[in-house]
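Enquirer: Would you mind keeping the following structure in view while I ask a few things?
The values are calculated or read from the model by the stated rules, or taken from the named source; none is laboratory data. No experiment lies behind these values; they were computed from the predicted model shown. Just so you know, the surface numbers come from the protein's heavy atoms only, side chains and all, with ligands and any DNA or RNA stripped out. Shrake-Rupley method; radii C 1.70, N 1.55, O 1.52, S 1.80 Å.
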Amino acid sequence: MTGATSVPEQVPSRGSRGRLAGQGATGDALDGRGLATTGSADHVRLHAVLVLVGASLFGTIGTARVLGPDSPSGSVGAVRVLLAAVVLMLLAQAARPAPGAWRRERRRVATLVAGLAQAAFQLTFLAAVLQTGVAVGTLVAIGSAPLVAGLLSRQVSRTWLVATSVALAGLVLLVLGGGGARLSWPGLLLALGAGASYGVYL
């Protein structure tokens, strides 16, 4: 009627409809919620490796501090933060961020709070391991961090309550039982401050 040429609608066959329903735009398999699942197993393995590497590095901070040069904790912490910032900036730049991403990130309150929390953690943790030992300082800091993170995020589940209760019981036994460990109340307070700082960062 209008002179326009109509284009016949392409109706996919039943087999192709089934294939399209189970694939995303890139051909990835979709689960029941329409989320891509191809490669998820590889991501889980990669994340597990990164967690193990991070835990290994975290566990050696105190030992390196005690066995390293006799320098003020503030100086060592400042060097660590500076080196970490440089590495993170290089990695972020390699990911080719969108124009204006750096400016927007600098204005985010969460970014500033995370940076201050990391700086506070470096200072308090490195000072704690010198006063109360590597084992006690590390366990108190790591054990108290999830408690602070859970309370701040308000994402408290039954699993979190059980795990946190067990961790707190272990910390109490560690502090009160002694067991030959070198205990220092200022060192314990510094370790708790480190855990709180890390919990804020998380």
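Enquirer: Report Rg (one decimal) and Dmax (nearest whole number) for the range 34-97, counting Cα atoms only, units Å.
Expert: According to the Cα coordinates of the range 34-97, Rg and Dmax are 17.0, 56 Å.
Enquirer: Of the accessible area of the range 51-202, with the probe set at 1.4 angstrom, what percent is carbon plus sulfur? Provide the component values of the computation, followed by the final result.
Expert: Details: 6950 of 9700 Å².
After summing per-atom areas, the C and S share lands at 72 percent.
Enquirer: So what is the accessible area of the range 68-202 per residue, in Å², with the probe set to 1.4 Å?
Expert: Values: 8600 Å² over 135 residues.
Roughly 64 Å² per residue, with all protein chains present.
Enquirer: Can you bin every Cα-Cα distance in the range 63-156 into 10 Å intervals starting at zero and give me the percent of pairs per bin, rounded to whole numbers?
Expert: The percentages, shortest bin first, are 13, 35, 32, 18, 2.
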